[in-house]
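A short reminder: the numbers here are calculations on the coordinates, not readings from a lab. Just so you know, these numbers come straight off a predicted model, no measurement behind them. All Cβ positions, glycine included, derive from the backbone under ideal geometry; neighbour counts span all protein chains shown.
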Amino acid sequence: MNEKNINIEQSKLKLDSTRSQVLINVGDSFRSLQEARAAVIVAQAKQKASREKLREVTLQYQEKTTLLRDVLQQQAAVDSADSDYANAVASFWSAQATFQKAIGEE
């Protein structure tokens, strides 16, 4: 009888431990999802700003008040912002999948 009670108590502890671990995993994946969503918003803002800067630099070049080098550098900045945005979106979808898995929706 004593061994039976010990086994029951061990099972309860194991269940509590598993439940706690699941809650930790869900919380972590939710926070990662929130961070990924914020990163997408930041990347969009960066993308918009770099495109506007390119527009300004291009106008300056047309007016002969800046060098072609400046236009090309800003185009590279736009390309970098586009890449950052694509990476942020990919990270968001990865975080979304991880979160769905953590809550049991696959």
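Relative to the longest principal axis of the Cα atoms of the chain, helix 2-62 runs at roughly 0 degrees. Ignoring aspartates and glutamates fewer than eight residues from Lys12 along the same chain, the ones with Cα atoms less than 18 angstrom from its Cα are Glu3. Ordering Ser11, Ser94, Ser32 by the projection of their Cα atoms onto the charge dipole of the chain, which places +1 on the Cβ of Lys and Arg and -1 on the Cβ of Asp and Glu, puts Ser32 at the extreme positive end. Over the chain, DSSP H runs of length four or greater, each weighted -39,500 (n - 2.57), average out per residue to a 222 nm ellipticity of -34000 deg cm²/dmol.
When Rg/Rh (Cα atoms, Kirkwood Rh) is calculated for this entry, the matching label among (1) 1.70; (2) 1.45; (3) 1.28 is (2). Each other residue within a Cβ distance under 15 Å of Thr65 adds +1 if Lys or Arg and -1 if Asp or Glu, for a net charge of +1.
In degrees from 0 to 90, rounded to the nearest 10, what is the angle of the helix 68-102 Cα long axis to the longest principal axis of the chain? The answer is roughly 20 degrees.
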